[in-house]
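Right, one structure below, let's go through it.
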Amino acid sequence: MSRIAAVTQRALQKGSKLLIPYLVAGDPNLETTKKLMHSLVDCGADIIELGIPFSDPSSDGPVIQRGVERSLAQGTSLADTLQIVNEFRQQDQVTPIVLMGYLNPIETMGYEAFTQRAVDVDVDGVLVVDMPPAESTTLHQMLRNASIDTIYLVAPTTHPDRAVTIAQHSTGYLYYVSLKGVTGAALTDHASVQKNIEALRKLTDLPIVIGFGIKDGDSARAMAQQSDGVVIGSALVARIGELTGLDAISLEQITATTDIIKEVRQAVNSAS
Amino acid sequence: MSEAELNSMTFDGPDESGHFGPYGGIFVGETLIAAVEELQAVYQELSSNEDFWREYDSQLKHYVGRPSPLYFAERLTSHCGGAQIYLKREDLNHTGAHKVNNTIGQALLAKHMGKSRIIAETGAGQHGVASATVAARLGLECHVYMGAEDIVRQAPNVYRMKLLGANVVSVDSGSRTLKDAMNEALRDWATNVDNTYYIIGTVAGPHPYPQLVRDFQCVIGREARAQSLEQIGRLPDTLIACVGGGSNAIGLFHPFLEDEQVAMIGVEAGGRGLDTGEHAAPLNAGVPGVLHGNRTYLMTDDAGQIKETHSVSAGLDYPGVGPEHAWLKDLERVKYVAATDAEALDAFHKLTRLEGIIPALESSHAVAYGMKLAADMDNSHCLIINLSGRGDKDIETVAKIEGITL
């Protein structure tokens, strides 16, 4: 059983919801990202989505764009991102790590080299935002052969027939995009989320987590009530942005930054 | 690929999933998939509908002023002292460039799909102006995304768009140029997907854009082919066009692809020289990758980040190129070369003085290479250069380079 499946099963069996924070690798620098990841686990994160920085993040809103720009200003690459996972694993062999990003850095590294390195550093899942299942054949198969989970998005605009195909391609969990728009946008239409999640439940047995538009405890609770868990990105990345420009980042500053995940953990627990 | 496979190739791509060989495809976030598929279905239906094309042709004739002339450049020809040089005069179109051929077609699609709001990205501002123009003409709301850097470089076009009623949105992310404007337009589209039509300005983006933009631009090549037969009495020997995203070039080339005797040359922006790295020539100096919805040649660094490009011409200042060009390069059906900023500026002046035609800086790249090539050719050789736009928009840029304040 994959690490993601194990964590998911354990959570769902005890009636708990998944909490999945997202942060950009190398924002504001590699060392801090690693510390933030450990701190996120301490705050109750079940899985961590680690963003691979890319110069043209066209599915992301302004907050994550700025996070990516901060990371790229440090010269962070996909190779560095994988190295962070490697170092994280030296202390934590339990928490699943999902790499989330855009296809071009992976194409440039080469699918085979990327898959091999992901296996070596113990990556658990990969989500490529701009690679729909129809374009994913080669990379998808390589990741599967390497027992790495392949995670895809389902959007409010996704046709039901297509949702079935996406669910068939997905392992680990299905990521439901809560709104039409980019990461960090405001979520307003709770009713349509509920309706769409109910429809998705009939199409797949995979755990369904909701992301985009979750910014605090209240929105996390509301979404967790309808699903198996939540992804929270922009709200965390905005806080990480406040660490930029500091010479040395103290442990207190790290825990103050990840504090929001504690709050969201409590809110999500109350939804269970 | 074996020679036999190459020889059996036809040029009627893309395939059903939007691929030209290994290039093209649909690489967008899930939210946009439904919109892209809707466009695909509508276009498939309309592209075989005669009434649609009749309306399109009528707009081109009465609103754009087509057909554009195929003009024999007599003094330029004798100056170069070789091949006979003809210019396909897209600069004479309404709004001053080939861009309007596409925006009219796509605005008709938008109307047919019942979309009330159109968005566009623009670099030099020509596609923005052409989009704002058709939006005004058809009474549609229009938002144009433009890099903050380009807004400064192309102030007259920004004002033109505003006069036409468009909202020009300044893009401050990334390198603040065309590629970032395209990212922002994609974000807008994902957010307002229900009522919004995205008019992409070149033969790039997710399928079916490279196909439909090409189809709308093919009027250039169809006219040029008929005009050659009528005016010259035969097909031309060589076609030359500048390539940024590559819509004017594919428009000229495509109707000639099956004519084996016709050579074709795409001229990319060589900037300060290919060896300096400061250019916008992915087909000459890039590698295949994925950006803005399609797989194609790109300018990227070793880590796969998209590089900042440089060209004196804002319209060519883009790190990618249409996927069909990538395929035509690999097939060696079209040869891709580069002209530097300096060569383009020289051609800009030469054409202005010799023919009384001020070319766009983009088109000046094609003129520069065409002049060089013509000089080495026999005078029985006929060469068509696509004069994709007029240079009125560029006079401030040129004056500034020469230290003149207007």
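Details
- Residue in the range B:394-403 that is among the aliphatic types (A, V, I, L, M) and touching a residue at least 60 places away in the same chain (Cβ under 8 Å) present: yes
- Answer from A:Leu23, A:Leu40, A:Leu18 - the residue that is over 30 Å from B:Gly174 (Cβ atoms), touching a residue at least 60 places away in the same chain (Cβ under 8 Å) and either touching a helix residue (DSSP H, G or I) at 6+ places or on another chain (Cβ under 7 Å) or of a type in the set (S, T, N, Q) (or both): A:Leu18
- Pairs, first more than 12 Å from A:Ser219 (Cβ to Cβ) in the range A:257-269, second surrounded by 20 or more Cβ atoms within 10 Å (Cβ to Cβ) and at pLDDT below 95, C-beta under 6 Å, six or more apart: none
- Only listed residue being part of a loop (DSSP other than H, G, I, E, B) and under 30 Å from A:Gln74 (Cβ atoms), chosen from A:Asp259, A:Asp205, A:Asp247: A:Asp247
- The one condition from (1) away from chain A (no Cβ under 14 Å); (2) assigned to a helix (DSSP H, G or I); (3) over 23 Å from B:Trp327 (Cβ atoms) that B:Asp215 does not meet is (3).
- When residues of the range A:208-226 are limited to those that are assigned to a loop (DSSP other than H, G, I, E, B) and in contact with a helix residue (DSSP H, G or I) (Cβ under 6 Å, 6 or more places away or on another chain), the one least open to solvent (accessible area, probe 1.4 Å): A:Ile214
- The one condition in (1) within 21 Å of B:Asp188 (Cα to Cα); (2) of a type in the set (D, E, K, R); (3) more than 12 Å from chain B (Cβ to nearest Cβ) that A:Asp130 fails to fulfil: (3)
- Residues located in the range A:54-85, provided they are in a helix (DSSP H, G or I), open to solvent by 10 Å² or more (accessible area, probe 1.4 Å) and either without any contact (Cβ under 8 Å) to a residue 24 or more places away in the chain or within 9 Å of chain B (Cβ to nearest Cβ) (or both): A:Pro62, A:Gln65, A:Arg66, A:Glu69, A:Leu72, A:Ala73, A:Ala79, A:Asp80
- Evaluation of A:Gln194 against (1) open to solvent by 30 Å² or more (accessible area, probe 1.4 Å); (2) within 13 Å of chain B (Cβ to nearest Cβ) (one fails), failing number: (2)
Yes or no, residue by residue, for (1) of a type in the set (D, E, K, R); (2) crowded, with 18+ Cβ neighbours inside 10 Å; (3) over 16 Å from A:Arg3 (Cα atoms); (4) facing chain B (nearest Cβ under 10 Å):
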position: A:Thr137; (1), (2), (3), (4): no, no, yes, no
position: A:His140; (1), (2), (3), (4): no, yes, yes, no
position: A:Arg144; (1), (2), (3), (4): yes, no, no, no
position: A:Thr150; (1), (2), (3), (4): no, yes, no, no
position: A:Pro156; (1), (2), (3), (4): no, yes, yes, yes
position: A:Thr165; (1), (2), (3), (4): no, no, yes, no
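- For the condition open to solvent by 20 Å² or more (accessible area, probe 1.4 Å), assigned to a helix (DSSP H, G or I) and at pLDDT 95 or above, B:Glu324 does not qualify.
- Residues that are touching a Ser or Thr at 6+ places or on another chain (Cβ under 6 Å) and either part of a loop (DSSP other than H, G, I, E, B) or without any contact (Cβ under 8 Å) to a residue 40 or more places away in the chain (or both), drawn from the range B:242-298: B:Gly245, B:Gly273, B:Ala280, B:Gly289
- For the range B:132-152, the criterion of being within 14 Å of chain A (Cβ to nearest Cβ), part of a strand (DSSP E or B) and not basic (Lys, Arg) is met by at least one residue.
- The residues of the range B:176-205 that are out of contact with any strand residue (DSSP E or B) (no Cβ under 7 Å at 6 or more places or on another chain), polar (S, T, N, Q) and more than 11 Å from every other protein chain (Cβ to nearest Cβ) amount to a single one, B:Thr202.
- Of the residues making up the range B:287-299, those that are touching a Lys or Arg at 6+ places or on another chain (Cβ under 9 Å) and over 22 Å from B:Ala124 (Cα atoms) number 2.
The values are calculated or read from the model by the stated rules, or taken from the named source; none is laboratory data. All values reported here derive from a predicted model rather than from experimental measurement. As a convention, Cβ positions derive from the backbone with ideal geometry for all residues, glycine included, and neighbour counts pool all protein chains shown. These accessible areas exclude ligands, DNA and RNA; they are computed on the full protein's heavy atoms, side chains included. Shrake-Rupley method; radii C 1.70, N 1.55, O 1.52, S 1.80 Å.
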